[in-house]
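Have a look at the structure below before the remarks.
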Amino acid sequence: MNILVINAGSSSLKYQLMDPDTQNVLAKGLCERIGIDGRLTHKIPARDAKYEFEIPMPTHAEAIQAVLDALLSPEHGVIQSVAEIDAVGHRVVHGGEAFASSVKIDDAVMASIEECIPLAPLHNPANITGITACQKVMPGVPMVAVFDTAFHQTMPSKAYIYELPYEYYEKDKVRRYGFHGTSHKYVSQRAAAMLGRPIEELKIITCHLGNGSSVTAVDGGRSVDTSMGFTPLAGLPMGTRSGDLDAGILEYLMNKYNYDIDQMLEILNKKSGMLGVSGVSSDFRDLGDAAAQGNKRAALAVDVFNYDVKKLIGAYAAAMGGVDAVVFTAGVGENSPAQRLEMTSGLEFMGIKMDPEANNVRGKEAVISAPDSRVKVLLIPTDEELMIAQDTARLVR
Ligand code: ADP
């Protein structure tokens, strides 16, 4: 079975054609500058081949058409006809309270995704455009929506209610939703497989640490708390996002500098986090380099980040009444042995003991805790595309 996985952004579109059973990726790539001019990068892993094309893409429909043309091309294609694509799985950022799992797309589902636009004004419209473009270019092919928020819909109300006047929840749907759900779900399932135990009996803390970061408490396979909130601005500090802060700071800075809310949010979303504190970069590799050369603010930015991850590990162990495994994933989680050591240091009291040698590994599944560590610490590369493809296959079968 071949599933085409689509992740549509406002001016870009990532795709992967894969067999969810064998996990073989036939082709993958990226359309960029949609609505501007249009560029397609197309890769075929089996041939180690990479192609780049300039193709006009006034809308997402031309982008999807370009993807299909590339997949079907006699020179750089991997399939002979559209009929070889059994279904399309779409990543959708926000499913609100309407979707607690992936769904087959029909008119009612499209209407519900549209109703979630106010909750994700930047992301959902792009996802919808991607779906409509696919429906136009590939009529009759079944499509599935996989939501970033769905995995977290199992959180109990005590974890998702903000202590604001209750009408803002009832009327305006203001609550914690959480994001990166596909990744947290995938790595928690892999963790159970690696430990050879049923997920139903495990308490797992999954740390998705990349450019955007979140930590989730997964109890018995269900998300019971997560650090992102109503928006992906919440929780940990990130590449350019502040993460949690005292809302009183907004009043203070907005009054003092006469900012309107858009200017303030631009600062919180684009100029804060690692970039804001270091003044150097939003990229953890750059910060590591700068810190090694003595840049104290770069070191401080990373220190704050590591400390906040550690506090979440402690908090979620408390929330679940214990923890069997801690998982690190995404750019930083998969690639920074030094930060993993730092984030788990001092947690021996709760049964976490790292193995510095085993931890000296990047980008592949590994147990990185000591053999006598009561809590297992795991490195698991995330694979959101595979999770989307597997959910899609399950729903169309
Ligand atoms: P996104 O959230 O955009 O998907 P990723 O999960 O790819 O981001 O993570 C990107 C982050 O991972 C960047 O800050 C990058 O510096 C960091 N990263 C990648 N490799 C390393 C490394 N070897 N050491 C430290 N950080 C790394």
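The values are calculated or read from the model by the stated rules, or taken from the named source; none is laboratory data. Bear in mind the structure is a predicted one, so any value in this text is a computation, not a measurement. Here Cβ is always computed from backbone atoms with ideal geometry, including for glycine, and neighbour counts include all displayed protein chains.
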### Message
Out of everything in region 29-52 that is free of Cβ contacts under 8 Å to residues at least 24 places away in the same chain and among the charged types (D, E, K, R), what residue ends up being farthest from LEU395 (Cα to Cα)?
### Response
ASP37
## Note on the structure
Within region 267-283, residues in contact (Cβ under 8 Å) with a residue 40 or more places away in the chain and outside any loop (DSSP other than H, G, I, E, B) come out as VAL277
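Here's the yes/no breakdown for (1) over 19 Å from TYR177 (Cα atoms); (2) within 16 Å of the ligand (Cβ to nearest atom); (3) modelled with pLDDT under 95:
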position: PRO198; (1), (2), (3): yes, no, no
position: THR206; (1), (2), (3): no, yes, no
position: SER214; (1), (2), (3): no, yes, no
position: VAL218; (1), (2), (3): no, no, no
position: GLY221; (1), (2), (3): no, no, no
position: VAL224; (1), (2), (3): no, no, no
position: MET228; (1), (2), (3): no, yes, no
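Search region 333-384 for residues being assigned to a loop (DSSP other than H, G, I, E, B) and hydrophobic (A, V, I, L, M, F, W, C), and hand back the single one that is farthest from the ligand (Cβ to nearest atom).
Residues of region 333-384 that are assigned to a loop (DSSP other than H, G, I, E, B), as a first pass: 336, 345-347, 351, 353, 355-365, 368, 370-374, 380-383.
Pick out the ones that are also hydrophobic (A, V, I, L, M, F, W, C) and you get 347, 358, 361, 368, 370, 380.
Details: LEU347: 21, ALA358: 17, VAL361: 12, ILE368: 15, ALA370: 23, ILE380: 13 Å.
Checking each candidate, the answer is ALA370.
Go through region 1-28 residue by residue and tally those that are assigned to a loop (DSSP other than H, G, I, E, B), free of Cβ contacts under 8 Å to residues at least 24 places away in the same chain and within 20 Å of the chain's Cα centre (by Cα). If you could, list the steps in order and put the result at the bottom.
Looking only at region 1-28, we keep the residues that are assigned to a loop (DSSP other than H, G, I, E, B), and these are 1-2, 9-12, 20-23.
Restricting the remaining residues to those that are free of Cβ contacts under 8 Å to residues at least 24 places away in the same chain gives 12, 22.
From what is left, the residues that are within 20 Å of the chain's Cα centre (by Cα) are 12.
The number of residues fulfilling the criteria is 1.
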### Of the criteria (1) under 21 Å from ASP244 (Cβ atoms); (2) in contact with a Gly (Cβ under 9 Å, 6 or more places away or on another chain); (3) surrounded by 24 or more Cβ atoms within 10 Å (Cβ to Cβ); (4) not polar (S, T, N, Q), which one LYS310 fails
(3)
### Query
For LEU300, are the conditions met, namely being modelled with pLDDT of 95 or more and in contact with a Cys (Cβ under 9 Å, 6 or more places away or on another chain)?
no
### Task
Go over the candidates TYR186, TYR169, TYR162, TYR177 one by one and state the one that is free of Cβ contacts under 8 Å to residues at least 12 places away in the same chain and either outside any strand (DSSP E or B) or surrounded by fewer than 24 Cβ atoms within 10 Å (Cβ to Cβ) (or both).
TYR169
### Query
On the given criteria, is ALA291 more than 23 Å from the chain's Cα centre (by Cα), loosely packed, with under 15 Cβ neighbours inside 10 Å and in a helix (DSSP H, G or I)?
no
### Query
If the Cβ limit is 9 Å and pairs must be 6+ apart or interchain, which residue in region 319-335 that is among the aromatic types (Phe, Trp, Tyr) pairs with which residue that is within 8 Å of the ligand (Cβ to nearest atom)?
PHE328/HIS208; PHE328/LEU209; PHE328/GLU334; PHE328/SER336; PHE328/GLN339
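Given the structure, is SER227 free of Cβ contacts under 8 Å to residues at least 60 places away in the same chain and among the hydroxyl-bearing types (Ser, Thr, Tyr)? Step through it out loud before you land on a result.
Details: free of Cβ contacts under 8 Å to residues at least 60 places away in the same chain: no; among the hydroxyl-bearing types (Ser, Thr, Tyr): yes.
Taking the combined requirement at face value, the residue does not satisfy it.
If I go through region 308-326 residue by residue, how many of them are within 14 Å of the ligand (Cβ to nearest atom) and under 16 Å from LYS364 (Cα atoms)?
Total satisfying the criteria: 0.
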### Query
If you go through region 154-178 one residue at a time, how many are within 17 Å of LEU233 (Cα to Cα), out of contact with any strand residue (DSSP E or B) (no Cβ under 8 Å at 6 or more places or on another chain) and not basic (Lys, Arg)?
5
### Summary
For PHE305, the lone unmet condition from (1) within 14 Å of the ligand (Cβ to nearest atom); (2) not in a helix (DSSP H, G or I) is (2)
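Quick one: which helices (runs of 4 or more DSSP H) sit completely within region 29-138 and have at least 3 residues that are out of contact with any helix residue (DSSP H, G or I) (no Cβ under 7 Å at 6 or more places or on another chain) and exposed (fewer than 15 other Cβ atoms within 10 Å of the Cβ)? Don't jump to the end; show me each part of the working.
Details: elements: 60-72, 107-115, 124-137.
Qualifying helices (runs of 4 or more DSSP H): 107-115.
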### Summary
The lone condition ARG241 fails out of (1) among the charged types (D, E, K, R); (2) buried (at least 17 other Cβ atoms within 10 Å of the Cβ); (3) away from the ligand (no atom under 16 Å from the Cβ) is (3)
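Listed here are the residues, each with its yes/no results for (1) within 11 Å of VAL326 (Cβ to Cβ); (2) modelled with pLDDT under 95; (3) buried (at least 18 other Cβ atoms within 10 Å of the Cβ).
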position: GLU342; (1), (2), (3): no, no, no
position: MET350; (1), (2), (3): yes, no, no
position: GLU365; (1), (2), (3): no, no, no
position: SER369; (1), (2), (3): yes, no, yes
position: LEU379; (1), (2), (3): yes, no, yes
position: THR382; (1), (2), (3): no, no, yes
position: MET387; (1), (2), (3): no, no, yes
position: VAL396; (1), (2), (3): no, no, no
